[in-house]
Amino acid sequence: MQQGFRSVVAVALASTLLLAGCSSSRQQGQSGDQKTSRNPKAQQLVVLMPAGNSTLDPAINYEVAGQPILPAIYEALIQLKPDGKIAPQLATSWDVTPDGKTYTFHLRQGVKFHDGEPFNAQAMKGSIERMVAIGQGASYIFKDPVAKIDTPDENTLVFTLKKPVSHFLLSLTSPWAGGAISPKAIKENETKDSKGNPDQAQEWLKTHAVGTGPYKVKDSVASDSTTLERNPDWWGWAEVNNPSPIEKILVKSVAEASTQRLMLEKGEADITFGIKVTDAADLKKNSDIVTQPVATGLARILSFNNAKPPLNDRRVRQALSYSFPYAEALASYGDGAKRIIGQMPEGMFGYDAKLPVYNTDLEKARQLLSEAGVNGLKLDYLWVTGEDDGRKVAELWQANLKKLGVDLNIKEGSYSTFKEQMNSPKTMPDVAAHYWGPDYPDFSAIVNLLYDGRLQQPTGTNLSFYQNKQVDELLDKIGMETDDKQRAALASQAQALILQDAPDIWVAYVPQLIASRKEVQGYVRHPFFDWRVNYAEIHK
Amino acid sequence: MLGFILRRIAYSLVGLAGVVIITFFLSHILPGDPAQLAAGGMRARPEAVEAVRKQMGLDQPIPVQFGRYLAGLARGDLGRSIRTKQPVNKDLRRFMPATVELSVVAMLIVALLGIPFGVLAAVRRDGLIDQVIRVVSISAVSLPVFWFALLAQMLFYRQLQWLPVGNRLPLFADAPPGVTGLFLVDSVLAWDWLTFRDALLHLTLPAVVLATGSLAMVTRMVRGSVLDVLNLDYVRTARAKGLTERIVIFKHVLRNALVPVVTMLGLQFGTLLSGAVLAEVVFNWPGIGLYAVQSIVELDYQPILGVTILIGVAYVTINLLVDILYAKLDPRIRFS
């Protein structure tokens, strides 16, 4: 036993010494981070995300975590530049017939997929049809409006729509609108699914990708990290002013905000999307780091149950809208948060700075409540676990409501509870806090989905049981209108009507902190797709 | 002996079946719709949600889903994760080695330091060393892992810059050729000492943080156990025979004092496995703990079940080994 004990102590001592030895060698600057990789640090980029990306399949991916990855691999027909303009991508030009029903795209020639296959109209058509057949993600972008797709020749793709859809072009710029996948890769990697049907390479494309973009996938660990490497044959390098020398990009999920911050401060990470906005002031003191607290397109909305008395009375909803402490709520979000005018973010189609806004006015609120004959109102308010701002703004609001004799009962529920309760007007709480962000930068991706009376839960996206026939008719008109000026006027009209009905309170655009190392140059934040990174223009 | 082991395995299987049934129904009874979550949340179109639901087999009634799950389980198929969209088996194979490596190293720290510290404290009872060990261990037992981990990160990563934080290897570094999945072992097998050093450095903080609580518990336990034995008659006899103190402690005291410690170590391994969940989240350590937490957040049933079963099996196996070891250490204990 004595012998045994001695050896135990010896091993313990030895391992302690070993550890000490290792740490001292690191202290001398022999960082292990540089030895294993062949590229110098200036050719590597590390992007940290708060959540992992689950799949690389552009037909299925429908998550924000896909934004910094998929557009680097797969390309669509057209793209939306950070300046808000539609620009060519795999299509060089396009025409629309005057009736707004036929869209003809002229495709870029000489483009090759990562596996060497040539890109052509059939490949694009095949990718879109595959997306529609799988029927997940944002496949509605094609499924709903498109009647058929033709390929009159190798370089021409023609969409015929069921009816004119004024937002069709803009919807094609969505980060989730798919992209061209190599038909050869789909064919070669097709297996049978659990029911014995061909899976269109769904299994393989989860962790592999063969697109036409500036970067290829080197390695992918689902929901954890994706390593991209430069595609030297990308058609677009010649068109970029100052092409990026970055050879390797690692997009990694690091859930802990504090860990992201440490990694950025130490220079292990280059761009981070998960550090808390409240850390912005502190990070600003560090001259190695550039911080951008910015308003995202994500809006915090408090939806009323419009079908439940007394909230079905417009005056009550208006009164509650006047009672909300907008300024305090905005301040509680910290740097970057932004007040909302109407329902559209600035810069997006449908934004109208002249629309009226509700400001805090307790007198007016009191008056409206008494007009409606409402006394001693008790309201249930539900916020979703993890979305702490939902609780914070409710607490601020509670104080104002108390002065009006309204009792706000703040409850927390899991996302699942939330979803369950939102299914019917009987179970929906009086007020439910949720977020909304558009799939593509257009009026139809926000107002239609939230306020069309025919899209009510449980099968639709209308989250307040709001219904106004006049609004529905206007939305239909806007959808068909091809004249932009006319369309904008109608959009303002619809928003004004909705604001008057006060079906919900739009609190603020939630801010996000984008923090990067100062040596990272050329990163331009995309105003609509918050996590998109245009790697082809980045330098270190 | 064989009969005992077989009987224990049979009991364990019953226990595991209970775990499977309870976890399955608890996770399915919770209100919520994983298909909706997987399809993109509130903004997902109903037809997209239905497509996902059908693909995942979630359109079937719960008893049918349970039947299917059991049938899969019998074939060793643990289902498929909604979040990673991969088979749970494949995910577990990928994430398990990280947790095993972390827990085993933490366990080594606990055993290799806990026992000597405990013995030292007991032998020097009420002396300075004993006082220091007692104060440190009582503080360490009460340290919340989460907080301690953050503190350790601030100190060793940010201030002193001695140790890396998060992940098993430096970013962009290639993993050693996968033989066991344990990077320390694989890198030695590949004779790649740089990777070994990197893996060890990355492991240090999480393992130490994870081990601290258990280390303190074991130290205190060993100290108590040794003190109990020191007061027994046969120890007095041994001393009276004129044996040196060293022989008394190592030959007579330790063997008896270690019996309860072995149980304790076995149980601590279970604690370490569950403690790994927290440590893995804070250190972004890609093990089954992090995998389980992320799955729970997204109502991803199959991985939750898979991890539960895996930890259940590990726990039961360790307990069995402890029981066998028990008899080896203490001849008075017989298998029955």
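The values are calculated or read from the model by the stated rules, or taken from the named source; none is laboratory data. Computed from a prediction, not measured in an experiment: that's the story for all the values here. Note: ideal-geometry Cβ built from the backbone for every residue, glycine included; neighbour counts use all protein chains shown. Surface accessibility is based on the protein's heavy atoms, side chains included, excluding ligands, DNA and RNA. Shrake-Rupley method; radii C 1.70, N 1.55, O 1.52, S 1.80 Å.
Right, B:LEU227: assigned to a helix (DSSP H, G or I), away from chain A (no Cβ under 12 Å), out of contact with any strand residue (DSSP E or B) (no Cβ under 9 Å at 6 or more places or on another chain) and more than 26 Å from A:THR259 (Cβ to Cβ) or not? Against the criterion (assigned to a helix (DSSP H, G or I), away from chain A (no Cβ under 12 Å), out of contact with any strand residue (DSSP E or B) (no Cβ under 9 Å at 6 or more places or on another chain) and more than 26 Å from A:THR259 (Cβ to Cβ)), B:LEU227 qualifies. Of everything in segment A:181-231 that's polar (S, T, N, Q) and under 17 Å from A:GLU63 (Cβ atoms), which residue is surrounded by the most Cβ atoms within 10 Å (Cβ to Cβ)? Among residues in segment A:181-231 that are polar (S, T, N, Q) and under 17 Å from A:GLU63 (Cβ atoms), the one surrounded by the most Cβ atoms within 10 Å (Cβ to Cβ) is A:THR226. Here A:GLU256, A:GLU247 are screened, and the one residue that is touching a helix residue (DSSP H, G or I) at 6+ places or on another chain (Cβ under 7 Å), open to solvent by 30 Å² or more (accessible area, probe 1.4 Å) and within 8 Å of chain B (Cβ to nearest Cβ) is A:GLU256.
Restricting segment A:485-502 to residues that are of a type outside the set (Gly, Ala, Ser) and without any contact (Cβ under 8 Å) to a residue 12 or more places away in the chain leaves a set whose member that is surrounded by the most Cβ atoms within 10 Å (Cβ to Cβ) is A:GLN486. When B:LEU272, B:LEU310, B:LEU290, B:LEU305 are checked against the criterion of being open to solvent by 20 Å² or more (accessible area, probe 1.4 Å) and in contact (Cβ under 8 Å) with a residue 24 or more places away in the chain, a single residue qualifies: B:LEU310.
When segment A:407-431 is examined, which residues are found to be of a type in the set (Lys, Arg) and open to solvent by 50 Å² or more (accessible area, probe 1.4 Å)? Hits for segment A:407-431 are A:LYS411, A:LYS426. So which of B:LEU163, B:LEU151, B:LEU155, B:LEU184 is touching a residue at least 40 places away in the same chain (Cβ under 8 Å), assigned to a helix (DSSP H, G or I) and either open to solvent by less than 30 Å² (accessible area, probe 1.4 Å) or more than 10 Å from chain A (Cβ to nearest Cβ) (or both)? Exactly one residue qualifies, and that residue is B:LEU184. Residues considered: A:ILE505, A:ILE478, A:ILE446. Of these, the only one that is in contact with a strand residue (DSSP E or B) (Cβ under 6 Å, 6 or more places away or on another chain) and either free of Cβ contacts under 8 Å to residues at least 12 places away in the same chain or open to solvent by less than 10 Å² (accessible area, probe 1.4 Å) (or both) is A:ILE505. Looking only at segment A:193-204, decide whether some residue is in contact with a strand residue (DSSP E or B) (Cβ under 9 Å, 6 or more places away or on another chain), closer than 30 Å to A:LYS101 by Cβ and outside any loop (DSSP other than H, G, I, E, B). No. Looking only at residues in segment A:98-114 that are outside any strand (DSSP E or B) and surrounded by 13 or more Cβ atoms within 10 Å (Cβ to Cβ), the one that is modelled with the lowest pLDDT is A:GLY100.
State whether one or more residues within segment B:124-135 are at pLDDT below 90, in contact with an Asp or Glu (Cβ under 9 Å, 6 or more places away or on another chain) and more than 12 Å from every other protein chain (Cβ to nearest Cβ). Checked against the condition, which is being at pLDDT below 90, in contact with an Asp or Glu (Cβ under 9 Å, 6 or more places away or on another chain) and more than 12 Å from every other protein chain (Cβ to nearest Cβ), segment B:124-135 yields at least one hit. Assess whether B:THR308 counts as being more than 30 Å from A:GLN260 (Cβ to Cβ) and either within 13 Å of chain A (Cβ to nearest Cβ) or not small (Gly, Ala, Ser) (or both). No. Taking segment A:211-239 on its own, how many of its residues are touching a residue at least 24 places away in the same chain (Cβ under 8 Å), more than 12 Å from every other protein chain (Cβ to nearest Cβ) and not basic (Lys, Arg)? Number satisfying all stated conditions: 13. Considering each residue of segment B:206-214 in turn, none proves to be in contact (Cβ under 8 Å) with a residue 40 or more places away in the chain, over 16 Å from the mean Cα position of the chain (by Cα) and part of a helix (DSSP H, G or I).
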